[in-house]
1. Can you tell me which residue in the range 282-301 is nearest to Tyr169 (Cα to Cα), limited to those that are in contact with a helix residue (DSSP H, G or I) (Cβ under 7 Å, 6 or more places away or on another chain) and in a loop (DSSP other than H, G, I, E, B)?
2. Tell me the residue from Tyr307, Tyr286 that is without any contact (Cβ under 8 Å) to a residue 40 or more places away in the chain and not charged (D, E, K, R), please.
3. Does any residue of the range 12-31 turn out to be part of a helix (DSSP H, G or I) and in contact with a strand residue (DSSP E or B) (Cβ under 8 Å, 6 or more places away or on another chain)?
4. I'm trying to understand the selection: among the residues of the range 137-181, which are buried (at least 18 other Cβ atoms within 10 Å of the Cβ) and assigned to a helix (DSSP H, G or I)?
5. Anything in the range 198-220 that is free of Cβ contacts under 8 Å to residues at least 24 places away in the same chain and either within 18 Å of Gly36 (Cα to Cα) or surrounded by 14 or more Cβ atoms within 10 Å (Cβ to Cβ) (or both)? List them, or say none.
6. Among the residues of the range 395-425, what is the count of those that are closer than 18 Å to Asp83 by Cβ and open to solvent by 20 Å² or more (accessible area, probe 1.4 Å)?
Amino acid sequence: MHNPRKEVYWYTKKPLSKTRPLAEHLSADAVVIGGGMAGLAVAERLANAGKKVIVLEREFCGAGASGRSSGFITQDSELELIDLIENLGKERAKRLWEFVGNSMEIMRSNIKTHSIECDYQEQDYIFIANDRRGFRKVLREHNGREILGYESYLYDAKTVRGVLGSHDYKGAIRYPGTFAINSYLYAQAMRDVLMKMGVRIFEGTDVSSIDARGVATADGRRRVNAEYIIVCVDKFLPRLKCFKKDVYHVETYLTLSKPLHEKDIARLFPSGHLMVTDSDMIYQYYRITGEGRLLLGGGNYLTTYAYGASKKPEQIIPKLARYMKKKFPDVSVEFEYVWPGLLGVSKDLVPLAGRDRSMPNVYYIAGASGLAWASGLGNYLGEQILNGRDDYDDLFSPYRTFPFDPIMRVLQHLITTPMAFGLSHAFVKYLR
């Protein structure tokens, strides 16, 4: 089997040029830690309101989960709409769904307003059933969308073949309004946009401590003092000794094929390109990029909750190759790139966003496993700082009760953090 290159393909599309690291003590109205989707969004919102903003990024903007992702811009994340309805109720689920929908439109507007070249692809989203159990969830998802008044199209095992060229799926639900991007290019472009707006961005700057006055770098020699401190480091939040029991990660892998022949793309998508996620617990997901490459992601049970990113991501290739062969036996795919990604998660798979109880000028965002979710949370905290917005605090509060609290907090010491999060996720997605 061909050995793919172990690097993030998105990074090859633009030569990396970092801004200079922080080299002096500074002050600002707000300091943002993290140059991913959430950090850039909150910086943009505050800068638009005339605030003096500094962004500190340990590596480069888009270096973390934001820039390594599949680029799916949808309201679905680790939870589908039916999960939100069953876990939170119809009213709260609708509020969340529309919150993320608004964020998607802000991202779309940024791409058009700033002429961002990020392989923007308008593609409908389709949730596909691998088996009968999966089709039951597809049906529930369709019913949930109908109850809340959202457009959707339902396919059975026969009609789905007209949109995905496989005889191995049992049905699907499809909805419009979604799109895909090269998320790294988007993050890099927004970095440049923000700097033109006057935001000072320092990459290659590691922050190791936070207090009510500001933040200090890892070597302790430089500080940024600010009225507001917004921490957008996702899965790395525990490294700053914050919410150590409430934030962890899941690992996924992305592969990218060599450009496919047009006939093979037509076999995959007979009636137009789609963004696809299947119904497995450790799910597969795929789409076609603007270059005609197949982006295919997935994982396995052993690696999903592993402590750190795999050093041998190519080991997932045989599983994904078998999946493609089973679903599309007539399509020839040769993987050229493979890379792992760690996504921050909470125990209930709803993000954490809000202010610190003891330092009310310090705000956190973590566990936003979805680009539109992360961007929306950045906008939300920006508006909370500017005008006191709090209409989603009940859903995003970092201090909310999670499944099986407080027993799980005690058990977490005994059964390990990965197992505790795995059990909680199984409960909110499959057992509740």
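The values are calculated or read from the model by the stated rules, or taken from the named source; none is laboratory data. What you are looking at is a predicted structure, and each value in this text was computed from that prediction instead of being measured. Reconstructed Cβ throughout: ideal geometry from the backbone, glycine too, with neighbour counts over all protein chains shown. Areas reflect the complete protein model, heavy atoms only, side chains present, ligands, DNA and RNA absent. Shrake-Rupley method; radii C 1.70, N 1.55, O 1.52, S 1.80 Å.
1. Checked the range 282-301; the qualifying residue nearest to Tyr169 (Cα to Cα) is Gln284.
2. Tyr286 is the lone residue from the list that is without any contact (Cβ under 8 Å) to a residue 40 or more places away in the chain and not charged (D, E, K, R).
3. Scanning the range 12-31 turns up no residue that is part of a helix (DSSP H, G or I) and in contact with a strand residue (DSSP E or B) (Cβ under 8 Å, 6 or more places away or on another chain).
4. Within the range 137-181, Lys137, Val138, Glu141, His142, Gly144, Arg145, Val160 qualify.
5. Selection gives Arg213, Ala216.
6. Looking only at that region, the number is 4.
Yes or no, residue by residue, for (1) closer than 30 Å to Leu296 by Cα; (2) within 18 Å of the chain's Cα centre (by Cα):
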| position | (1), (2) |
| --- | --- |
| Asp29 | no, no |
| Met37 | yes, yes |
| Ala47 | no, no |
| Ile54 | no, no |
| Ser70 | yes, yes |
| Leu84 | yes, yes |
| Ala93 | yes, no |
| Met107 | yes, yes |
| Lys112 | yes, no |
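For (1) more than 22 Å from Phe179 (Cα to Cα); (2) open to solvent by 10 Å² or more (accessible area, probe 1.4 Å), each residue gets a yes or a no:
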{"site": "Leu296", "(1), (2)": "no, no"}
{"site": "Ser310", "(1), (2)": "yes, yes"}
{"site": "Pro313", "(1), (2)": "yes, no"}
{"site": "Ile316", "(1), (2)": "yes, no"}
{"site": "Phe335", "(1), (2)": "yes, yes"}
{"site": "Arg355", "(1), (2)": "yes, yes"}
{"site": "Ala366", "(1), (2)": "yes, no"}
{"site": "Gly370", "(1), (2)": "no, yes"}
